Amino acid sequence: MEWGSELWDQYDIIDRQTQWGIDLIEKYVKFVKDRTEIEQSYAKQLRTLVKKYSPKRVSKEDHEMKFSQYQAFINILNELNDYAGQREIIAENLMQNIFAQLLKYLHENKQERKMHLLEGRKAQQNLETSFKQLDNAKRRFERDCKEAEKAMQNAEKADNDINATKADVEKAKQQANLRNHMVEESKNEYASQLQKYNKDQNQFYFVEMPHVFNKLQEMDEKRIQKLCEAYKMFADTERQVMPIIGKCLDGMTKAAESVNESGDSQVLIEAHKSGFERPGELEFEDYSQMINRTSSENSIGSLKSEPKTDHRTIGKSKTKRWPFGKKNKLIVSEDFSHLPPEQRRKKLQQKIEDLNKELQKQVDQSEALDKMKDVYQRNPQMGDPNSLEPRIMETNQQIDRLRNEIQKYEMWLADAEAKLVSRNDSYLQYTPHCERSPSLNNNGSHDKESPDTTYSDDSGQEPLVQPSPVSEFDDFEDDLAHPIGSSTALYPFEGNSEGTIPMAEGEVLQLIEEDKGDGWTRVRRSDGEEGYVPTSYVKITLSRK
């Protein structure tokens, strides 16, 4: 059904309906904008909430991070932050896909409606003009008819009047004939205007206005369809992020399920267990012995020989039996003796591990410097070997200092473990630290040491460098080392310096020795020639053991 055929006479109704549709779009646009502002404000408040309760720095070394309940809380904050991001996405999509699009369409819809209504008013004005012309022609025809009738009456009156002259009678007849002629002209004009108006009216009601109304109907139905799509998009915008929001909520649930109450209790025990034994039972102190003394004991002489007793110490325990009072501020000592035995042992073990890591770095650096110095000595054009002496000396001093530190902390650790075992043998099975293999650290794992470096048994811990069966740069042709992999040349290298070998791009060489930190890798050609090439010039592939 069409507006042009069914609502042909309801122009005002169609005008109000189309305007109401535009007003509805404007109202929905404002509604979407308000919803967007709510989502943006909600997301901002969620992020502020997360920031308020989040720690400034999250590190695995923090004491709180060892507890599953705190880790779960941090995970919930992270998931809530992601949830806030999804609310921001909802607001952004509402603004771009609905608000902006509908606002643009609203402007176009207003222009289209204005154009159609203007076309209808133009057709209506044309019909009104045609009707005015018809009305004028009708009135003129009516006036001419009345005047012609009056002229006919005057001519008849003059003809019947015996006193009228012949000339007056002729004049009256001529005037009547003229009026009749004018009546015929106005009659023809009126008939022509009537025919024209009927044609215009038929065109207006059956062609022009139905066309305008149908265009308005098409525009209104398109507007309704657009509004329907916007209604659906309003729900789809949030439905699109629901999977991610669901994952955020699942993450919060998973974080809650990860809380381990017994594990947190164990963490607290391990972190704060003192290692002290519980206080023993108090012995009964019999004060009645002073009353039951014999008379001889109560003599002046015996009283003089009675040893003096400080009654202020009677009944007082030598040790503090209720260690739950206010803690005194302890002075931190280097050997951690201010800590309880168990905590002291853990601190010493951690300190030794840190020192071993730092020592290994210094040892690797020392080896790299020695190798670089050897390269400079054999190839003076690459650098001055004397320039490395200060760094080598400084590194060796650092190594000596770290070894002395490790030895000192190991002695303290042995003492702490001995004291801890002597308090309660059931706490741990003790193995004297001095009997441990020097290749094991405190956790039972092998320390990473250079294969070419050992240590003497004296307190100086001077490194003894074992002689390598093959020199660094020469004489390695006599005793071929077993390759540990292969290397492919990425770029050509001329190898003009002593100790180096040339290689072409794409050439495959045997890998004899990896880079020790000086930027050079030892390789062997297929013809047996060995030498060094820049590490950055080759792609290394190690053989599987």
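Annotations for the structure displayed:
- Per-pair calculated FRET efficiency, R0 = 56 Å: Glu281 and Glu394 via Cβ, rounded to 0.05: 0.40
- Computed on the Cα atoms alone, the convex hull of the stretch 15-128 gives a volume of 90 cubic angstrom per residue.
- Database remark: amide H of Val538 closer than 5 angstrom to the amide H of Leu490 (H placed geometrically; neighbours at sequence offset of 5 or more, or on other chains; Pro and chain starts carry no H).
- Probe 1.4 Å, protein heavy atoms only - accessible area per residue of the stretch 341-421 in square angstrom: 50
- Solvent exposure ordering (accessible area, 1.4 Å, most first) of Cys145, Cys248: Cys145, Cys248
- Remark: the stretch 485-542 carries 50 Å² of accessible area per residue (probe radius 1.4 Å; ligands, DNA and RNA excluded).
- Heavy atoms of Lys232: accessible area, 1.4 Å probe, square angstrom to 10: 130
- Asp384 paired with Lys166, simple spin-label distance in nm, labels 7 Å along Cα-to-beta-carbon: 15.8
- In Å², nearest 10: area of Asp527 left accessible to a 1.4 Å probe: 110
- Database remark: amide H of Glu507 closer than 5 angstrom to the amide H of Ala489 (H placed geometrically; neighbours at sequence offset of 5 or more, or on other chains; Pro and chain starts carry no H).
- Positive-end extreme of charge dipole, the stretch 3-264 - chosen from Pro243, Met115, Ser192 (charges on Cβ): Met115
- Of Phe131, Phe141, the residue with the largest accessible area leads and the full order is Phe131, Phe141 (1.4 Å probe).
- Highest-first packing order for the peptide set 90-102, 389-401 is 90-102, 389-401, based on the mean count of other beta carbon atoms within 10 Å.
- Exposure of Arg87 as accessible area (Å², to 10), given a probe of 1.4 Å and all protein chains: 20
- For the stretch 3-264, convex hull volume per residue from C-alpha positions, Å³: 145
- Amide H contacts under 5 Å for Thr521, placed H, 5+ residues apart: Val533, Thr535
- Which of Ile484, Ile22 is most accessible, then next, and so on - probe 1.4 Å: Ile484, Ile22
- Apportionment of accessible area to carbon and sulfur, the stretch 32-87, percent (1.4 Å): 49
The values are calculated or read from the model by the stated rules, or taken from the named source; none is laboratory data. These figures come from a predicted structure and were not determined experimentally. Methodologically, a virtual Cβ is constructed for each residue, glycine included, from the backbone with ideal geometry; neighbour enumeration extends over all protein chains shown. Remember, those area values only see protein heavy atoms, side chains included, never the ligands or the DNA or RNA. Shrake-Rupley method; radii C 1.70, N 1.55, O 1.52, S 1.80 Å.
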